[in-house]
1. Which of the residues belonging to segment 29-54 are farther than 16 Å from LYS5 by Cα and surrounded by 12 or more Cβ atoms within 10 Å (Cβ to Cβ)?
2. Considering only segment 29-52, how many residues are in a loop (DSSP other than H, G, I, E, B), at pLDDT 90 or above and hydroxyl-bearing (Ser, Thr, Tyr)?
3. Checking LEU26 against (1) at pLDDT below 90; (2) part of a loop (DSSP other than H, G, I, E, B); (3) hydrophobic (A, V, I, L, M, F, W, C); (4) surrounded by 10 or more Cβ atoms within 10 Å (Cβ to Cβ), only one condition comes out false. Which one?
4. Would you pick out the residues in segment 8-23 that are exposed (fewer than 10 other Cβ atoms within 10 Å of the Cβ) and either within 14 Å of ASP40 (Cβ to Cβ) or modelled with pLDDT under 90 (or both)?
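The values are calculated or read from the model by the stated rules, or taken from the named source; none is laboratory data. Since the structure is predicted, the reported quantities are computational estimates derived from the model, not experimental observations. Every residue, glycine among them, receives a Cβ derived from its backbone with ideal geometry; neighbour counts consider all protein chains shown.
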Amino acid sequence: MIMKKPAGCVHLIIKQGKIANVVSHLSKMPKSGVIHLKCDAVYSFAEFKKSHPEDVKELKGRIARL
């Protein structure tokens, strides 16, 4: 059974070829399960800052331990 799709997006911040930070802006998260995401855009840091000014703070993220 497929659950309702969450609204929003997820930002993967990539630095030196590694995931530096993951920030979720999704609503209606399930209590458990898998959310399958497909990429719809790749931004340079400058493009991201211009198109997402409210999210610039995300770029100061840590290196994630996945």
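1. Answer for segment 29-54, where residues must be farther than 16 Å from LYS5 by Cα and surrounded by 12 or more Cβ atoms within 10 Å (Cβ to Cβ): TYR43, PHE45, PHE48, LYS49, HIS52.
2. Summing the residues that are in a loop (DSSP other than H, G, I, E, B), at pLDDT 90 or above and hydroxyl-bearing (Ser, Thr, Tyr) in segment 29-52 gives 2.
3. With respect to (1) at pLDDT below 90; (2) part of a loop (DSSP other than H, G, I, E, B); (3) hydrophobic (A, V, I, L, M, F, W, C); (4) surrounded by 10 or more Cβ atoms within 10 Å (Cβ to Cβ), LEU26 is out only on (1).
4. Within segment 8-23, just GLN16 meets the criteria.
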